[in-house]
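Data block below; observations after.
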Amino acid sequence: MSSKIRILVPVKRVIDAALKPRINKTNTGVESKGVKFSMNPFCDIAVEEAVKIKEAHKEAVESIHAVSIGPSKAQDILRTALAKGVDTSTLVDVGEQEIEPLQVSKLLKKVVEQKDSNLVILGKQAIDDDSNQTGQMLAGLLGWPQATNASKVVVEGDFVTVTREVDGGAETIRAKLPLIITTDLRLNEPKFVTLPKMMKAKKKPLEIVKPDAYGVTIEERLEILKVEEPPARSAGVKVSSVDELVSKLQELKAL
Amino acid sequence: MLKLVFRAGISKRAYSAKAVKLTVETYPNLQRGDYGTLEESDLTRFRSILGDSSVFVDDIEGYNEDQMRKYRGQSQVVLKPKTTSQVSEIVKHCNDRKLAICPQGGNTGLVGGSVPVFDEVVVSLSGMSQIRSFDETSGILKVDAGCILESTDQFLAEKGYIFPLDLGAKGSCQIGGNVATNAGGLRLLRYGSLHGSVLGIEAVLPDGTVFDSMHSLRKDNTGYDLKQLFIGSEGTLGIITGVSVLCPARPKAVNVAFLGVESYEAVQDTFSKAKRELSEILSAFEFMDRESQVVNKKFLKAPHPLAEGSDEIPEYPFYILIETSGSNKEHDDAKLEQFLETSMEDGTILDGTVSQDEAQTRTLWAWREGISEASQIEGGVYKYDVSLPLSKLYDLVIAARERLREANLIGETDEYPVVDPVGYGHVGDGNLHLNVCVRRYTKEVEKVLEPFIYEWISQHHGSISAEHGLGFQKKNYVHYSKSDVEIAMMKDLKRHYDPNGILNPYKYI
Ligand SMILES: Cc1cc2nc3c(=O)[nH]c(=O)nc-3n(C[C@H](O)[C@H](O)[C@H](O)COP(=O)(O)OP(=O)(O)OC[C@H]3O[C@@H](n4cnc5c(N)ncnc54)[C@H](O)[C@@H]3O)c2cc1C
């Protein structure tokens, strides 16, 4: 008899992926005032995958729990996750403070233990800091196997087969639960959430806790010295004929 | 990156490789006006005014064909002036030589107004695309007429402002073209018409005189408000070279909901309710029939937002897109949520979704904005853009469908010219778009539809052109919406300012 699967999906609230971020006046980070925030797209894919697995394995999957470590406004993305089919959720309210991947992983480890999760599905990276570390660090802290950058996930009993996108092709690996999976872009295409589900989600549990409830004190190890824009591309030139194009290219010694 | 990014206009020439029929072949009764014909000496003059690189005589098919591939002219030359005085000199020369001119913006117009009919000289404004100034306190923007709507709006977004007009063709259409057609678009409900937001215009009159009201103020009651004449004049009174517009602050919080309802009555009920309950944050209210979604799915090639991942489009006969814009997200979210919940509970709406992020917002809009382009992927489209009393709005689509069916023109296979008529539009403004999607343009279909549709609209006290204008398509049908006195005054005006009739002939009135 295979064991019941309890899925944990960590989700992060980030500046909307479709917006062009702007650097703040003090050059210490990205301007966040008056900017739209949404769920990190990779986390959205993780939620979608968890729900898909539950739908396909109704018997085997006992629950999906979502957790967000962030400001109180991250409740919005937890509601979205609940509407998409997550059962329960926790916000670890750390206020406006930016948290490094190692601290996040330590908190997640506590949540995993508390919820007795045996499958963690999370984004391979958050589009704001692009760290691509949390999943790996969590696997390290827990001593679990990890399958990163998943583009396909198949669950069979206690075993999970994951296809990963690697340079020049695909790699297929298999591991026994418990397991960490980080999601890549092509894993799935998240669906729109319909109104009845949004309404139901309002009644689903969303508990709010402070990080010290897990006995974790947040200590930052990195200091941001400066954030700057990539150098602006110089403007292009328009040419009106092929001859002009050729002569311009010759001028630039490109021909 | 993640979701499909929709941009109108880019795939313009992607579908049918068939050559577009010449307008004069489609309408053999057309007579060329008593105009001069282009000579080598004219080209020399144009080159001396503009320089060689702004006078085009080769590869100009794109300027002769319209966006719907319905009309094709035979112009021999395209001019791209860079300054107002160049426009003035060109126009003066054309007037002296009695050469007819077709002013052209982004060529996204939907009534055949933007392309020549015979051999008119095309004056394209695309070489004039500088932002002249922006006042960050008043929100007054001054631009060259050739500025693209979308890039202008992006410029404003950086400053915390928004252009008071938005429409599906934003990636290609120009501010000058928008003003020339008095485009209405998706947010008229919120920001009103260009007659209100345009503060000043610079235009070159048919004799080359420069009309300049760019310095006008928000309030200015000194005589006739002449700039209004150019708004919606479709290139028949002057070539617009500059526009001054009052731009509102860009809303910080925008939500988009996409809903399914069971009838056209439910569309109206939802609209009344939205006005009452969303009031000041309601910024767009669009409706679409299911047929339009079927057509759009072939174009977008993605699952429908309410399909929950399945490949089918749910069976709701009508869909609604609601946009709210405001300054306080929590307030707007709460209001919209309350509105949607009570509407679900009382059965006004049957299902729906709300965008969770910007990519979803764009996808939801694509299911509305894509219809225009999607309508012609099978070959072509007959477009009718009408104003009607709200309660009668959709009856026109039903009447047209019925009539095409009776004539045995609609079918699923290639022998039938018509694919399906679809209805959608800006319900908020009483504006319906009826698109009759066809596999090819035929006289048969046109005869069944026209003047039937115009008569129907006239009987129901509507307007035969709500926002797309008259252009070539509706020139002969103005009397269905305007009285003899009105038409006579319009003709007087045209004759007075353009005695030689050189600006955009064969069109408008
Ligand atoms: C996908 C799509 C969606 C659309 N949605 C809407 C909509 O929601 N609402 C709406 O109102 N319209 C809509 N339209 C049509 C709309 O009229 C045009 O897109 C736009 O306003 C025209 O701008 P343009 O620069 O392309 O002008 P063009 O198409 O080039 O020209 C239109 C007319 O204006 C004249 N003109 C152009 N520039 C000048 C100038 N500088 N001076 C004098 N005359 C000029 C032309 O001679 C022509 O008669 C849509 C079109 C498309 C393709």
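The values are calculated or read from the model by the stated rules, or taken from the named source; none is laboratory data. Not measured: the values here are computed from a predicted model. Ideal geometry is used to build each Cβ from the backbone, glycine not excepted, and the neighbour counts take in all protein chains shown. We work out accessible area using only protein heavy atoms, side chains counted, and drop any ligands, DNA or RNA first. Shrake-Rupley method; radii C 1.70, N 1.55, O 1.52, S 1.80 Å.
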Which of A:Lys203/B:Lys273; B:Lys21/B:Lys475; A:Lys20/A:Lys152; A:Lys33/A:Lys204; A:Lys191/B:Lys18; B:Lys159/B:Lys297 exceed 28 Å between C-alpha atoms? The answer is A:Lys20/A:Lys152; A:Lys33/A:Lys204; A:Lys191/B:Lys18; B:Lys159/B:Lys297
Under 5 Å from the placed amide H of A:Ile208, counting only residues 5+ away or on other chains, we find A:Leu91
Distance from segment B:253-277 to segment A:184-255 (C-alpha centre basis), Å = 33
Expected vector for segment A:70-87, Karplus 3J(HN,Hα) from phi with 6.51, -1.76, 1.60 and θ = phi - 60°, integer Hz, x for Gly and Pro, equals x, x, 4, 5, 5, 4, 4, 6, 5, 4, 4, 4, 5, 5, 6, x, 5, 8
Roughly speaking, what is the centre-to-centre gap between segment B:421-440 and segment B:211-252 when only Cα atoms are used, to the nearest Å?
-> 29
At a 1.4 Å probe radius, which order do B:Arg218, B:Arg405, B:Arg97 fall into by accessible area, largest first?
-> B:Arg218, B:Arg405, B:Arg97
Give the long-range amide H neighbours of B:Val438: residues separated by 5 or more places, or on another chain, with amide H under 5 Å away, using H modelled in the peptide plane at 1.01 Å from N.
-> B:Gly380, B:Val381, B:Tyr382, B:Val419
Positive-end extreme of charge dipole, the protein assembly as shown - chosen from B:Ala284, A:Val120, B:Gln74 (charges on Cβ) | A:Val120
Report, as an integer, the average count of C-beta atoms from other chains found within 10 Å of each Cβ along B:354-364.
-> 6
Which of the aspartates and glutamates could be linked to A:Lys110 by a straight reach, that is with a Cα gap under 14 Å, when you skip same-chain ones fewer than 8 residues away?
-> A:Asp212
Among B:Tyr477, B:Tyr424, what's the order by accessible area (1.4 angstrom probe), most exposed first?
-> B:Tyr477, B:Tyr424
Pop out the ³J(HN,Hα) list for segment A:151-158 in order, Karplus 6.51 cos²θ - 1.76 cosθ + 1.60 with θ = phi - 60°, rounded to Hz; leave Gly and Pro as x.
-> 10, 7, 10, 10, 9, 9, x, 8
Pairs over 30 Å Cα to Cα, from A:Lys4/A:Lys124; A:Lys124/A:Lys176; B:Lys82/B:Lys298; A:Lys4/A:Lys106; A:Lys25/A:Lys197, come to B:Lys82/B:Lys298; A:Lys25/A:Lys197
What ranking do A:102-110, B:60-68 get when scored by the average of other Cβ atoms within 10 Å per residue, highest first?
-> A:102-110, B:60-68
Using only Cα atoms, locate the centre of segment B:343-411 and the centre of segment A:21-71, then give the distance between them in Å, rounded to an integer.
-> 34
Add +1 for every Lys or Arg and -1 for every Asp or Glu among the other residues with Cβ under 14 Å from the Cβ of A:Arg174, and state the total.
-> 0
Averaged over A:196-203, number of beta-carbon atoms from partner chains that fall within 10 Å = 3
Can you spot the aspartates and glutamates whose alpha carbon is less than 17 Å from B:Lys227's alpha carbon? Ignore those fewer than 8 places along the same chain.
-> B:Asp144, B:Glu202, B:Asp212, B:Asp498
If amide H atoms are modeled at 1.01 Å from N in the peptide plane, then the residues at a separation of 5 or more from A:Lys152, or on another chain, having amide H under 5 Å from its own are A:Thr163
Sorting A:Arg6, A:Arg22 on solvent-accessible surface, 1.4 Å probe, most exposed first, gives A:Arg22, A:Arg6
Report the GluC sites (Glu not before Pro) located in segment A:52-160 that are in a DSSP loop and have at most 15 other Cβ atoms inside 10 Å of their Cβ, or state none.
-> A:Glu59, A:Glu96, A:Glu98
Dipole axis of chain B (+1 Lys, Arg; -1 Asp, Glu on Cβ), positive-most option in B:Ile60, B:Gly109, B:Gly428 = B:Ile60
With all protein chains present, calculate the accessible area of B:Trp456 using a 1.4 Å probe and round the result to the nearest 10 Å².
-> 30
J(HN,Hα) series, segment B:134-141, from Karplus relation 6.51 cos²θ - 1.76 cosθ + 1.60, nearest Hz, glycine and proline x = 9, 9, 6, 8, 8, x, 7, 10
Add -39500 (n - 2.57) for each DSSP H run of 4 or more in the protein assembly as shown, then divide by its residues: what number comes out at 222 nm, to the nearest 500 deg cm²/dmol?
-> -9000 deg cm²/dmol
How about B:Lys474: which lysines have a C-alpha closer than 18 Å to its C-alpha, ignoring those fewer than 8 places off in the same chain?
-> B:Lys70, B:Lys383, B:Lys443, B:Lys447, B:Lys482, B:Lys491, B:Lys494, B:Lys507
To the nearest 10 square angstrom, how much accessible area does B:Tyr441 have with a 1.4 angstrom probe?
-> 70
Mind pulling the angle between the C-alpha long axis of helix A:242-251 and the longest principal axis of chain A? Nearest 10 degrees, somewhere in 0 to 90.
-> 90
Heavy atoms of B:Phe452 accessible to a 1.4 Å probe, total area in Å² rounded to 10 | 40
How far is helix B:395-406 tilted, in degrees, relative to the longest principal axis of the Cα atoms in chain B, given as a value from 0 to 90 rounded to the nearest 10?
-> 80
